[in-house]
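The values are calculated or read from the model by the stated rules, or taken from the named source; none is laboratory data. Because the structure is predicted, anything quoted here is derived from the model rather than measured. So basically every Cβ, Gly included, is an ideal-geometry build from the backbone, and we count neighbours across all protein chains shown. Side chains are part of the model used for accessible areas, which takes the heavy atoms of the whole protein and leaves out ligands, DNA and RNA. Shrake-Rupley method; radii C 1.70, N 1.55, O 1.52, S 1.80 Å.
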Amino acid sequence: MRVAAILTAAGSGSRLGAAGPKAFVHLAGVPLVVRAARALTGSGLVDVLVVTAPADQVDAMRAVLASALPPVVADVVAGGISRQASVAAGLERVTSVLGSGVPAVVLVHDAARPMVPAALVRRVVEAVWSGHEAVVPGLVVTDTVKQVELPHGGDGALRVVATPDRRSLRAVQTPQGFTIDVLRHAHEAGAARAHDEATAATDDAALAEAAGIEVWVVEGHEDALKVTTARDLALAELLLASATSSGDAR
Ligand code: CTP
Ligand code: MG
């Protein structure tokens, strides 16, 4: 079965606060989107790569990726108003590149996770190949997690609603993997949510769940951390530096 990957890189990176879009920000001299693209293609499993870019940065994204990619079929599309809308745009392109009706695994991966190990990419793809139609990598959580009431005014203190059993929680990452039919169905069923960040799904598994599709978790990896803030970027720099000095070049 062929493997396509949608690399989401159309966000602005408001919480990182850099001058331009987050995907172009450098981590140890290499743009996040290039690191993430290399991580996917470096697994040797990806036949088709579609990258979502901010609508006014499509050409800039093509230029950044041009020198960086091994020869997979790669394309850049304009993303949408939400991550969900961006993935939907990428999925349209994947479907037209592969041809409709062709069985495939589709990975959805965030450029904000530039250090994902090839072994994790493989684990997700193999789980889909083995019959799980929707697969996410997840890590056990070490913090106790409280569910709170969403804030509406007040002094900033939030009322706790519940404390879920920590053993039943997983913090999920990307790449998430799906059969193409399941991912298309999940996005079609949830399309009405995509136009607003407030209603849009923050990951594709949530769309699959809402569409009644069983989602499975495989073991994630700490290196697949998400760069959201400047602190995350600094942490990623440190991890890369220590991996390089110990000979584990990433
Ligand atoms: N993303 C996207 N299209 C959007 C919004 C986000 O493709 N309309 C992508 C981002 O580029 C990122 C991934 O989805 O790789 C996860 O989103 P997030 O980490 O929230 O990135 P940003 O939305 O860019 O950051 P922020 O929320 O801080 O603005
Ligand atoms: Mg965002």
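Structure data summary
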{"item": "Any hit, segment 219-229, residues being at pLDDT below 95, assigned to a loop (DSSP other than H, G, I, E, B) and open to solvent by 30 Å² or more (accessible area, probe 1.4 Å)", "result": "no"}
{"item": "Conditions (1) over 16 Å from the mean Cα position of the chain (by Cα); (2) away from ligand 1 (no atom under 16 Å from the Cβ): number failed by Val30", "result": "(2)"}
{"item": "Any chance Gly11 is more than 17 Å from the chain's Cα centre (by Cα), part of a loop (DSSP other than H, G, I, E, B) and more than 16 Å from Gln176 (Cα to Cα)", "result": "no"}
{"item": "Lone qualifier among Glu188, Glu237 - being under 24 Å from the mean Cα position of the chain (by Cα) and within 30 Å of Gly131 (Cβ to Cβ)", "result": "Glu188"}
{"item": "Positions within segment 1-23 being closer than 27 Å to Thr95 by Cβ and within 11 Å of ligand 1 (Cβ to nearest atom), in sequence order", "result": "Ile6, Leu7, Thr8, Ala9, Ala10, Gly11, Ser12, Pro21, Lys22, Ala23"}
{"item": "Options Val97, Val116, Val108: the member that is hydrophobic (A, V, I, L, M, F, W, C), away from ligand 2 (no atom under 16 Å from the Cβ), surrounded by 14 or more Cβ atoms within 10 Å (Cβ to Cβ) and under 13 Å from the mean Cα position of the chain (by Cα)", "result": "Val116"}
{"item": "Selected residue (only one of Ser43, Ser96 is polar (S, T, N, Q), more than 11 Å from ligand 1 (Cβ to nearest atom), assigned to a loop (DSSP other than H, G, I, E, B) and more than 20 Å from Asp232 (Cβ to Cβ))", "result": "Ser43"}
{"item": "Where a residue in segment 70-92 is at pLDDT below 95 and open to solvent by 30 Å² or more (accessible area, probe 1.4 Å) and its partner, wherever it lies, is more than 10 Å from ligand 1 (Cβ to nearest atom) and among the basic types (Lys, Arg), with Cβ under 8 Å and at least six apart", "result": "Asp75/Arg93"}
{"item": "Complete set of residues in segment 46-87 that are among the small types (Gly, Ala, Ser) and part of a loop (DSSP other than H, G, I, E, B)", "result": "Ser67, Ala68, Gly79, Gly80, Ser82"}
{"item": "Residue within segment 189-210 that is assigned to a loop (DSSP other than H, G, I, E, B) and either aromatic (Phe, Trp, Tyr) or in contact with a strand residue (DSSP E or B) (Cβ under 9 Å, 6 or more places away or on another chain) (or both) present", "result": "yes"}
{"item": "Filter result for the condition that a residue is in contact (Cβ under 8 Å) with a residue 24 or more places away in the chain and surrounded by 12 or more Cβ atoms within 10 Å (Cβ to Cβ), over Leu235, Leu207", "result": "Leu207"}
{"item": "Hits in segment 20-33 - residues which are closer than 12 Å to Val64 by Cα, free of Cβ contacts under 8 Å to residues at least 60 places away in the same chain and surrounded by 19 or more Cβ atoms within 10 Å (Cβ to Cβ)", "result": "Phe24, Pro31"}
{"item": "Test set (1) touching a strand residue (DSSP E or B) at 6+ places or on another chain (Cβ under 6 Å); (2) closer than 20 Å to Leu16 by Cα - Pro54 fails condition number", "result": "(1)"}
{"item": "Qualifying positions in segment 1-19 - modelled with pLDDT under 95 and either open to solvent by less than 20 Å² (accessible area, probe 1.4 Å) or within 15 Å of ligand 2 (Cβ to nearest atom) (or both)", "result": "Gly17, Ala18"}
